[in-house]
Protein chains: 2
Amino acid sequence: MQSPLEIAGDLFQFSPQALEPGEDMNLIASPSTDAANEDRARAIRDRLHDAIVDHRLAPGTKLNEAEVGALFGVSRTVARAGLQMLAYEGLARIERNRGAFVAQPSPDEARQIFEARRSIEPGIARRACEQLTAEGLETIAAQLEAEAAFLDRRGPQARRAEIKASGDFHLVLASFAGNPILARFLAELVARSSLVIALYGRSGASSCGHTHHGEILDALKAGEGDEAAHLMLRHLDHIEADLDLRLRGGNSLRDAVAPWEPSVLAQNS
Amino acid sequence: MQSPLEIAGDLFQFSPQALEPGEDMNLIASPSTDAANEDRARAIRDRLHDAIVDHRLAPGTKLNEAEVGALFGVSRTVARAGLQMLAYEGLARIERNRGAFVAQPSPDEARQIFEARRSIEPGIARRACEQLTAEGLETIAAQLEAEAAFLDRRGPQARRAEIKASGDFHLVLASFAGNPILARFLAELVARSSLVIALYGRSGASSCGHTHHGEILDALKAGEGDEAAHLMLRHLDHIEADLDLRLRGGNSLRDAVAPWEPSVLAQNS
DNA sequence: CCAGCGGAGATTGCATACAATCCTAGCATG
DNA sequence: CATGCTAGGATTGTATGCAATCTCCGCTGG
């Protein structure tokens with residue numbers, strides 16, 4: 001029997017970007033950076049992050065410390081650190097004495113995620129518009145093309161790549177707003193949105209999303225920040241409207257009885 | 001020689017809330033929650049978090065794993081996990097093979113922090129206004145009184161408590177906006193703001209801040225969400241205007257030469 | 001047939017040990 | 001005096017071991 005992790009692990013091996021048309025303009029990524037230089041926990045987090053965002057790891061999947069460690073050739077200590085990072089970003093949930101699982105955002109959480117995006121992303125679009133250079137516009141346009149390239153393809157691989165590219169559009173845009181902190185918040189929200197879509201997505205909203213992205217880019221080109229912000233808001237509304245957030249029968253009883261969302265507000269002492 | 005950590009540790013001992021007038025309505029806090037129930041890493045994070053926000057731990061302070069572990073009676077493993085949490089929230093910075101330090105936000109980061117707050121906090125105020133109940137208003141009013149109580153006192157202890165209470169006002173308000181995710185973002189920003197004030201704060205802006213808080217509460221009482229949002233924006237502008245963000249001579253050459261802000265955008269793979 | 005129980009196996013929580021790296025101080029050398 | 005070099009100690013990075021907890025499955029008794 002092959003574990004879900006190994007399946008996702010396979011995809012790690014023959015580099016997924018081999019099938020990505022325009023993978024190299026992915027600015028958010030650390031191109032040749034020393035990112036994985038010698039931070040193995042972060043490398044694990046990055047791989048799992050991508051696997052989750054790509055829907056190669058389904059919500060609820062158990063992330064076994066020993067297994068993760070074995071997959072990446074490190075001890076449980078390092079694997080654990082990577083999993084804790086994921087948990088902090090809301091992509092995984094760690095239950096004491098039970099381990100880590102890919103997060104399963106509740107409908108409520110899903111609404112919160114999109115509300116948060118509506119709160120910050122129009123402002124990001126507006127600011128990006130103000131500070132955007134010619135090359136910045138090119139970068140965004142390139143990202144859009146990469147996205148488009150996947151629309152014409154068939155198969156689950158292309159679908160996954162399309163979802164990721166669609167999210168990356170938002171991240172690339174945010175990277176030009178000149179505020180790394182907001183960009184990080186958005187990165188978290190986009191990643192979690194991917195989980196939400198995996199759980200509650202209905203149609204291929206992505207295609208509509210792509211046209212929206214094109215319109216936003218046009219507004220940016222025209223230097224119309226307010227219009228870009230407005231379009232972004234509409235775009236987010238549209239994505240959320242395409243979700244089916246009715247509480248469907250939970251898979252496990254444990255989850256149904258779980259007291260609340262795992263202590264999101266228990267922040268301060 | 002007594003280490004900075006021990007000094008802060010002393011304050012841990014004779015519970016600082018002993019001198020807080022209205023400490024028990026601190027809703028963000030987990031009152032009797034099982035928070036520290038059996039998550040010792042989180043407990044450490046909470047204590048250090050408070051110590052940093054209270055300015056008991058100065059920016060740049062070394063956070064030695066062994067020392068932290070000894071202070072809390074746990075092994076380095078657990079201490080390390082707590083420090084990693086702090087790092088993820090931007091309250092600490094971890095350098096490979098060098099360890100953890102209380103973060104020292106650069107002027108640029110400081111601007112980003114306040115820009116981010118301006119991005120999300122007016123919306124929070126507006127939403128809180130919509131959803132606010134009578135008891136919610138009371139809770140906020142109580143927080144405001146607690147804040148006021150510190151204004152009349154002298155001494156560094158009261159000053160610290162005042163700063164913390166001032167931040168808590170924003171957090172309590174956010175807790176009524178019905179979006180734990182945004183509340184968590186804001187909690188991070190408020191905590192980092194405290195660091196910024198420690199580094200670049202000029203006057204006792206807090207007193208002005210308190211009158212602003214009062215005006216915001218009035219707007220909330222009147223149900224005028226837009227006014228509350230506007231006041232919030234002005235309030236944030238005011239706080240930031242009271243900072244001296246001129247690049248003052250860096251303490252250490254190492255920091256001055258440090259390549260960039262430690263990989264905030266190196267998020268995705 | 002089903003609820004209750006118990007023990008084996010699996011998995012996590014944590015402490016500790018060792019290796020790798022860094023920092024410091026002292027000495028030598030120009 | 002300034003610079004370079006080299007132990008030695010201190011600190012972090014990682015693996016591993018053990019105890020605590022959970023999960024699962026078969027058993028018993030009703």
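Computed across segment B:141-203, the Kirkwood radius stands at 12.4 Å (inverse of mean 1/r, all Cα pairs). Per the Debye formula on identical point scatterers at the alpha carbon atoms of segment B:24-182, with no solvent, log10 I(q)/I(0) at q = 0.14, 0.16, 0.17 Å⁻¹ is -0.87, -1.10, -1.20. Using a probe radius of 1.4 Å on protein heavy atoms only, what is the accessible area buried between chains A and B, both sides summed, to the nearest 100 Å²? So the total buried area for this chain pair works out to about 4500 Å². Using protein chains only (no ligands, no nucleic acids) and a 1.4 Å probe, work out which residues of segment B:39-69 have their accessible area cut by at least 50 Å² relative to the chain alone. Those residues are B:R42. With +1 on each Lys and Arg Cβ and -1 on each Asp and Glu Cβ, and nothing else charged, work out how big the dipole of segment B:107-241 is about its Cα centre, in Debye to the nearest 20. Using Cβ point charges on Lys, Arg, Asp and Glu, segment B:107-241 gives about 500 debye.
Only protein heavy atoms count here; on that basis, with a 1.4 Å probe, A:K221 has an accessible area of about 120 Å². The phi-based Karplus calculation (6.51 cos²θ - 1.76 cosθ + 1.60; θ = phi - 60°) puts the 3J(HN,Hα) values of segment B:142-147 at 4, 4, 5, 5, 4, 4 Hz, whole numbers, x for Gly and Pro.
Rounded to whole numbers, the Karplus 3J(HN,Hα) couplings from phi for segment B:123-129 are x, 4, 4, 4, 5, 4, 4 Hz, using 6.51 cos²θ - 1.76 cosθ + 1.60 with θ = phi - 60°, and x at Gly and Pro.
Pair-distance distribution P(r) for segment A:107-241, from all Cα-Cα distances in 10 Å bins starting at 0: 13, 47, 34, 6 percent.
Local charge sum around A:V68 (other residues, Cβ-Cβ under 9 Å, Lys/Arg +1, Asp/Glu -1)? My count for the surroundings of A:V68 gives 0.
The values are calculated or read from the model by the stated rules, or taken from the named source; none is laboratory data. Owing to the predicted nature of the structure, the values given are computational and were not obtained by experimental measurement. Methodologically, a virtual Cβ is constructed for each residue, glycine included, from the backbone with ideal geometry; neighbour enumeration extends over all protein chains shown. Please note that ligands, DNA and RNA were not included when accessible areas were found on the heavy atoms of the full protein model with its side chains. Shrake-Rupley method; radii C 1.70, N 1.55, O 1.52, S 1.80 Å.
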